[in-house]
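The values are calculated or read from the model by the stated rules, or taken from the named source; none is laboratory data. Given the structure is predicted, the values throughout are model-derived calculations rather than measurements. Here the Cβ positions follow ideal geometry from the backbone for every residue, glycine too, while neighbour counts run over all protein chains shown. SASA here: full protein model, heavy atoms, side chains in, ligands and nucleic acids out. Shrake-Rupley method; radii C 1.70, N 1.55, O 1.52, S 1.80 Å.
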Amino acid sequence: QVQLVESGGGLVQAGGSLRLSCTASRIFVDFNAMDWYRQAPVKQRELVATITRSSSTNYADPVKGRFTISRENAKNTVFLQMNSLKPEDTGVYYCHSFKGSHYWGRGTQVTVSS
């Protein structure tokens, strides 16, 4: 069983930056694709970014050019660097991976004020 724990959320003004972290409870991130999802109030959870085992990355159109997903295997951690934040980026951000089962963190709140 793997636990994923997110951190780094907070309140930021539009145009600002935040860096989210997702740390796994054991060696995991270097062997599996990792994702960041987000869920805004009254909206469905949506995929934001993915980093594959080979470190290829993919981003949702709304965040391309502003967000960067990366990982540090030695720390068993995946990051999401978020720049030029907009109010519509507000939501709970979740770390996710799939390896036989879906693994989700509990989420970290990001609030972007206008």
Note: among LYS75, LYS99, LYS64, just one is within 16 Å of SER21 (Cα to Cα) and open to solvent by 60 Å² or more (accessible area, probe 1.4 Å), namely LYS75
Residue that is least open to solvent (accessible area, probe 1.4 Å) [pool: residues in the stretch 7-36 that are closer than 16 Å to ASP89 by Cα and touching a Gly at 6+ places or on another chain (Cβ under 9 Å)] | LEU20
When (1) at pLDDT 95 or above; (2) closer than 17 Å to PHE28 by Cβ are applied to ASN73, the one that fails is (1)
Only residues that are in contact with a helix residue (DSSP H, G or I) (Cβ under 9 Å, 6 or more places away or on another chain) and either part of a strand (DSSP E or B) or open to solvent by less than 30 Å² (accessible area, probe 1.4 Å) (or both): list them for the stretch 81-96, please.
-> MET82, ASP89
Meets criteria (of a type in the set (S, T, N, Q) and in a strand (DSSP E or B)) for SER54 = no
For the stretch 51-79, pairs from a residue that is closer than 14 Å to MET34 by Cα and free of Cβ contacts under 8 Å to residues at least 24 places away in the same chain to a residue that is of a type in the set (Phe, Trp, Tyr) and in a strand (DSSP E or B), with Cβ under 7 Å and 6 or more apart or across chains, are TYR59/PHE67; SER70/PHE79
Scanning the stretch 59-75 for residues that are assigned to a strand (DSSP E or B) and more than 12 Å from the chain's Cα centre (by Cα) gives GLU72
Of all the residues that make up the stretch 1-43, how many are in a loop (DSSP other than H, G, I, E, B), of a type in the set (A, V, I, L, M, F, W, C) and touching a strand residue (DSSP E or B) at 6+ places or on another chain (Cβ under 9 Å)?
-> 6
Mind listing whichever residues of the stretch 79-113 are modelled with pLDDT of 95 or more and of a type in the set (Gly, Ala, Ser)?
-> SER84, GLY91, GLY105, GLY107, SER113
